[in-house]
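The values are calculated or read from the model by the stated rules, or taken from the named source; none is laboratory data. All of these numbers come straight from a predicted model, not from anything done at the bench. Using ideal geometry, Cβ is built from the backbone for each residue, glycine included, and neighbour counts are taken over all protein chains shown.
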Amino acid sequence: MWRVGMDIWPNWDNNPNAILNNLYTCNNAAPFHYVGKGFNDPDMLQPPNTLKTVLSPGLSPTEAYSQFKLWIIMKSPLQLSVQYDQLADLKTLEPKYYGLLTNTEFLAINEDQSLQARLVAQMPSKAQQAAGAGELNITLQRCDESRVSQRFDLNAQGQIQLQNTDLCLAQSAVDSTRLVAAPCASVKTTFSIKKDDTLAVTSTDAGQCVTGGDYQPTLGKCEYTGPLPMPLDQGNDRLIGQQIYVWGSDTSLIYSSTLNGCFTVGLANFDPNHGWIGTNNGTLEHEVWAGPLTADPTTGAPRKVVAFFNKGDFTESITAAADVLGTDRATGNVTVRDVEAQADLPALTPGQSLSVNVESHGTVVYVLTGI
């Protein structure tokens with residue numbers, strides 16, 4: 001196993017050593033997970049604040065439960081940080097947490113010889129929807145066609161719009177140098193994709209161009225405004241190269257031609273020295289995580305684990321669409337197992353979505369069979 005983030009502290013968010021920082025770092029490191037051989041390690045489990053840690057108080061109970069469940073589905077090594085004098089009394093001091101730690105179905109998911117789960121969908125919470133979702137971060141993340149937060153198209157108004165949302169690329173109203181996603185109706189600066197065969201440049205009608213930076217695109221002076229493709233003797237310039245993006249009509253991804261990343265909506269800014277900073281600032285608050293499991297040992301039916309994660313401040317319903325769950329490809333009913341309750345729920349029919357009520361900072365985990 002290998003560490004993928006900084007030393008973890010009992011902080012949920014907005015701290016270089018926070019739980020959510022290592023969560024997203026581990027998600028981006030998913031391609032390095034080697035089934036049965038090597039594991040991404042986002043560092044230790046932090047217990048609820050009813051228990052003592054080196055940096056007491058710890059997480060809220062709900063946050064600690066969520067960390068455990070998310071570490072489980074990422075197949076992360078499980079190491080619990082709790083002071084030794086409380087370890088023997090864990091069952092009495094924190095019975096629900098003890099129940100999670102000893103839940104054999106959770107442990108079976110963690111030990112399953114399959115790839116780790118990944119973030120596959122993000123949606124705004126009701127509070128964000130009521131506020132028009134505000135301004136959401138645009139960052140350069142590892143390109144992945146399965147991420148709904150990376151798929152853009154040109155809409156009828158000529159705006160660059162995130163698929164299945166009302167969010168378009170925009171110039172921040174707070175910081176004119178920042179590229180963000182905002183409700184399309186509020187976008188005043190027009191962006192365009194100038195296509196020439198396989199190359200594209202995103203720019204604004206104000207004469208500014210999007211510049212990649214290493215992690216977060218910004219807006220600035222256009223360094224090259226000539227025809228595409230760019231002459232080779234100029235294309236080697238790093239600053240100019242950072243302003244060239246390719247939009248794939250087949251994938252709907254907008255990716256940098258010189259940097260390893262695609263436009264991604266709703267994740268935090270990444271600082272190479274401190275990890276993910278301000279994780280809930282400008283991010284989508286509802287998430288769906290999913291990953292494969294080995295086939296059902298009795299029937300041989302394919303299985304997967306799906307987690308619904310609510311970063312928002314209120315209990316709300318999170319919906320995973322059929323194409324996110326995979327029920328759009330199912331040929332028969334799909335069995336749904338609530339892992340924490342160790343109970344079966346009503347089956348899903350082909351093409352059916354799934355909605356789950358999730359408390360603030362909470363996570364609900366299901367195993368789907370037949371998908």
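Here are a few things to note about the model shown:
- Filter result for residue 17 (modelled with pLDDT under 85, surrounded by 17 or more Cβ atoms within 10 Å (Cβ to Cβ) and not assigned by TED's automatic domain parsing to the domain that holds residue 260): yes
- Of all positions in the stretch 111-122, none carries a residue that is within 19 Å of residue 308 (Cβ to Cβ), part of a helix (DSSP H, G or I) and of a type in the set (S, T, N, Q).
Residues are listed down the side, and each one gets a yes or a no for (1) outside the structural domain of residue 361 (by TED's automatic domain parsing); (2) within 26 Å of residue 23 (Cα to Cα); (3) surrounded by 23 or more Cβ atoms within 10 Å (Cβ to Cβ); (4) without any contact (Cβ under 8 Å) to a residue 24 or more places away in the chain:
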site	(1), (2), (3), (4)
293	no, yes, no, no
307	no, yes, yes, no
313	no, yes, no, no
319	no, yes, no, no
322	no, yes, no, no
332	no, no, no, no
336	no, yes, no, no
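- Within the span defined as the stretch 74-88, one or more residues are charged (D, E, K, R), buried (at least 21 other Cβ atoms within 10 Å of the Cβ) and within 23 Å of residue 289 (Cβ to Cβ).
- All conditions but one from (1) within 19 Å of the chain's Cα centre (by Cα); (2) without any contact (Cβ under 8 Å) to a residue 40 or more places away in the chain apply to residue 2; the one that does not is (1).
- You will find that of 311, 304, the residue that is within 25 Å of residue 100 (Cα to Cα), at pLDDT 95 or above and touching a strand residue (DSSP E or B) at 6+ places or on another chain (Cβ under 9 Å) is 304 and no other.
- Every condition in (1) surrounded by fewer than 20 Cβ atoms within 10 Å (Cβ to Cβ); (2) in contact (Cβ under 8 Å) with a residue 60 or more places away in the chain holds for residue 139 except the one numbered (1).
- Strands (runs of 3 or more DSSP E) contained entirely in the stretch 128-200, each with at least 1 residues that are at pLDDT 85 or above: 136-141, 152-154, 160-162, 167-171, 179-183
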